[in-house]
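Colleague: Can you keep this structure in mind? I'll have questions shortly.
The values are calculated or read from the model by the stated rules, or taken from the named source; none is laboratory data. Predicted model, so just to flag it, every value in this text is computed and none were measured. With ideal geometry, Cβ positions are generated from the backbone for all residues, glycine too; neighbour counts draw on all protein chains shown.
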Amino acid sequence: MSTAPLRCCLLSGGGSRRMGTDKALLPHPEGGTWLERSLRLLLSLERPVCLLSRHRAHRLLAPAPVEVIDEPPPWDGPLTALARLMDRYPGDRLLLCPVDMPWLDRPSLEALIAAGTEAGGTETDGTGPAGAAVPAGTLLTAHDGRRDQPLLGIYPATAANRAALRLYLAAGDRRLLGWLQRRGHRPVPLPAAALRNCNRPTAWPGPWLVTSQAIPPG
C-alpha cells in the first residue's frame, strides 16, 4: 500500500488579461493579496507548499517555507504547468490550486483531501464521496454542482499519469479538461460558493462572508 505524500501547489502564472490587472496582487479582505491569502490557506493544511509562477512579483511575496518555482517558457497554460510539477515531484499527490479562487476555504480543501484518503488517514487507496474505493492514481477534481473545476484537484504524479500526460502534450493538445476526459477522473462535490473564480472586474469586489474559517495574516 502506497503512502504517497500530499503536496500543495499554487498556480499563479496567468496573464490576468480579462481582469485587466494582476489578480494575484489584488487586496484580499482577510489581509494581504489574493496570492498571500492563498498561500496562508494552503500552509494551514500543514503540508509542503510550492508556488509556480513566471512573475517575479509573485515569487517575492511567498513566505518561508513555501518552495518557489520560477516557471520557464513556454507558458502554455495549466496542463503544461501540471506536467512540470509532476516531473518535479514524481510519486507525490499534488493538490493543485489556482490563485483566482478568492472564496476558497479550508473545509472545502479538507473535503477534497478526504475524498481520496482512507478513514485511517493513509493517503492512498481511499474512499470517494459515495464510499467507492479510490485507486491511488485516481485524478480527483472539484465539482461545484454544475461543472468540474479542474484547477482545484488532486493529481497523483504516478508513473502512469506522468506518461499519459507526456503523450497527450506531445500530440499538441493543451486542454486540461480534454486530458481529464481522456484519462478519466472522479469529481468531488464541493460548495459552489467556495469554488467561484474571479476573472473579470465585474466579479470583484463580490459579497464576502468572513467566518471563523478565515486564515489570519502572519
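Colleague: Scan segment 98-120 for residues that are touching a Gly at 6+ places or on another chain (Cβ under 9 Å) and over 18 Å from Trp179 (Cβ atoms) and jot them down. Reasoning before the result, please.
Modeller: If we filter segment 98-120 for residues that are touching a Gly at 6+ places or on another chain (Cβ under 9 Å), which is where we start, we get 98-100, 102-103, 112, 114-119.
Result: Val99, Asp100, Pro102, Trp103, Leu112, Ala114, Ala115, Gly116, Thr117, Glu118, Ala119.
Colleague: Starting from segment 146-170, take each residue that is modelled with pLDDT of 95 or more and buried (at least 22 other Cβ atoms within 10 Å of the Cβ) and list its partners that are acidic (Asp, Glu) and not in a strand (DSSP E or B), counting only C-beta distances under 6 angstrom and pairs at least six apart or across chains.
Modeller: The qualifying pairs are Ala157/Asp92.
Colleague: Condition check: basic (Lys, Arg) and touching a Phe, Trp or Tyr at 6+ places or on another chain (Cβ under 8 Å). Does Arg93 satisfy that? Spell out the reasoning first.
Modeller: Values: basic (Lys, Arg): yes; touching a Phe, Trp or Tyr at 6+ places or on another chain (Cβ under 8 Å): yes.
Yes, satisfied.
Colleague: Related question: Quick check on segment 77-92. Is at least one of its residues in a loop (DSSP other than H, G, I, E, B) and either in contact with a strand residue (DSSP E or B) (Cβ under 7 Å, 6 or more places away or on another chain) or free of Cβ contacts under 8 Å to residues at least 12 places away in the same chain (or both)? Explain how you work it out, then say what you get.
Modeller: Within segment 77-92, the first condition is being in a loop (DSSP other than H, G, I, E, B), and the residues that meet it are 77, 89-92.
When the remaining residues are screened for being either in contact with a strand residue (DSSP E or B) (Cβ under 7 Å, 6 or more places away or on another chain) or free of Cβ contacts under 8 Å to residues at least 12 places away in the same chain (or both), the result is 89, 92.
Yes, that holds for at least one residue.
Colleague: Considering only segment 99-125, state which residues are among the hydrophobic types (A, V, I, L, M, F, W, C) and either modelled with pLDDT of 95 or more or not in a loop (DSSP other than H, G, I, E, B) (or both). Break it down into steps so the answer makes sense when it comes.
Modeller: The initial filter retains those residues of segment 99-125 that are among the hydrophobic types (A, V, I, L, M, F, W, C), namely 99, 101, 103-104, 109, 111-115, 119.
Passing the criteria: Leu104, Leu109, Ala111, Leu112, Ile113, Ala114, Ala115.
Each row is one residue, and each column tells you yes or no for (1) at pLDDT 90 or above; (2) assigned to a loop (DSSP other than H, G, I, E, B); (3) loosely packed, with under 14 Cβ neighbours inside 10 Å; (4) of a type in the set (Val, Ile, Thr).
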site	(1), (2), (3), (4)
Ala4	no, yes, no, no
Thr21	no, yes, yes, yes
Ala24	no, no, no, no
Leu41	yes, no, no, no
Ile69	yes, no, no, yes
Cys97	yes, no, no, no
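Colleague: Follow-up. Can you tell me which residue within segment 48-59, out of those that are surrounded by 17 or more Cβ atoms within 10 Å (Cβ to Cβ) and charged (D, E, K, R), is farthest from Leu151 (Cα to Cα)?
Modeller: Start the filter on segment 48-59 by keeping residues that are surrounded by 17 or more Cβ atoms within 10 Å (Cβ to Cβ), which leaves 48-55, 58-59.
Next, only the ones that are charged (D, E, K, R) stay: 54, 59.
On the way: Arg54: 17, Arg59: 20 Å.
Going through the qualifying residues, I end up with Arg59.
Colleague: For segment 126-140, indicate whether the set of residues that are assigned to a helix (DSSP H, G or I) and either at pLDDT 95 or above or more than 18 Å from Leu41 (Cα to Cα) (or both) is non-empty.
Modeller: No, because not a single residue in segment 126-140 is assigned to a helix (DSSP H, G or I) and either at pLDDT 95 or above or more than 18 Å from Leu41 (Cα to Cα) (or both).
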